[in-house]
1. Could you grab the pairs with beta carbons closer than 6 Å, sequence gap of 6+ or different chains, first residue in region 157-173 and under 11 Å from ASP186 (Cβ atoms), second one surrounded by 15 or more Cβ atoms within 10 Å (Cβ to Cβ) and at pLDDT below 90?
2. Can you run down the residue pairs with Cβ atoms below 6 Å, 6 or more apart or on separate chains, where the first is in region 1-30 and basic (Lys, Arg) and the partner is part of a loop (DSSP other than H, G, I, E, B)?
3. From the list ALA149, ALA133, pick out the single residue that is surrounded by 16 or more Cβ atoms within 10 Å (Cβ to Cβ) and either at pLDDT 95 or above or not charged (D, E, K, R) (or both).
4. Just wondering, is there one or more residues in region 60-74 that are of a type in the set (Ser, Thr, Tyr) and within 18 Å of VAL196 (Cα to Cα)?
5. Of all residues in region 166-201, count the ones that are at pLDDT below 95 and assigned to a helix (DSSP H, G or I).
6. Scan region 27-47 for residues that are surrounded by fewer than 16 Cβ atoms within 10 Å (Cβ to Cβ) and part of a helix (DSSP H, G or I) and jot them down.
7. Report, by residue number, each residue of region 53-71 that is assigned to a helix (DSSP H, G or I) and either within 11 Å of MET89 (Cα to Cα) or out of contact with any helix residue (DSSP H, G or I) (no Cβ under 6 Å at 6 or more places or on another chain) (or both).
8. ASP156: in a helix (DSSP H, G or I), acidic (Asp, Glu) and buried (at least 23 other Cβ atoms within 10 Å of the Cβ), yes or no?
Amino acid sequence: MATFTTASLRAAIARIAAHLEACADELNRLDGALGDGDLGVTMVRGARGLVEAAPKLPDDVGMAFLQCAQVFTKVSGSTYGTLLATGLMSAAKLAKGRAEIPTSEIADLLGAALEGMMKRGRGNLGDKTVLDALEAARAAAAGLDDPAALAVAVDDAVAGALERFRDQPAKQGRARIFGDKSIGLDDPGMVAFKRVVEALR
């Protein structure tokens, strides 16, 4: 049975961080059209902090997630960074005390993260935010126990979510201020999540 461990997390952090370095300008540009224009900076700072913390992460996957959340909170004061940290903390509660998480339970971790982020950000599915991308990932991961197949399915699902919501108006966060002008534009937070999951493919 394939499992997710802290070693898996360390490997994921390295791949995600490298990919985000390459995508930072794109994320800043997308965010500049609907927000503050600093999303790429936020993601890179967070990823660099995680790379620095990775060697000392504990074997307890839940505690490792919690430490990652603390790192992201420390290096990023943005709303998006806070949401990601909240998601990690919510997943940490589910994984606490376990050194191995079956791949088949990754969907449960994503679901816990989604629930925590919805409560913290007071967001809803359908608002054209990262929550919609996360729900697509959760649904795609459900029932899969092969890590490679899961990575492909999740990446494809998030890409599909971006397609579905592109021509809808933003209804949450700073982007909602732009109203109909957000139609035809990808939500920056959804794209940032896409860049994270595609790094794992």
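1. Here the result reads ALA170/ARG176; ALA170/SER182, each pair linking region 157-173 to a residue that is surrounded by 15 or more Cβ atoms within 10 Å (Cβ to Cβ) and at pLDDT below 90.
2. From region 1-30, the pairs are ARG15/ALA199.
3. ALA133
4. Yes, region 60-74 contains at least one residue that is of a type in the set (Ser, Thr, Tyr) and within 18 Å of VAL196 (Cα to Cα).
5. Qualifying residue count for the region: 12.
6. ARG29, GLY32, ALA33
7. Passing the criteria: PRO55, LYS56, GLY62, MET63, ALA64, PHE65, LEU66, GLN67, CYS68, ALA69, GLN70.
8. no
The values are calculated or read from the model by the stated rules, or taken from the named source; none is laboratory data. Computed from a predicted model, the values in this text were never measured in an experiment. We place every Cβ from the backbone using ideal geometry, glycine too, and count neighbours over all the protein chains shown.
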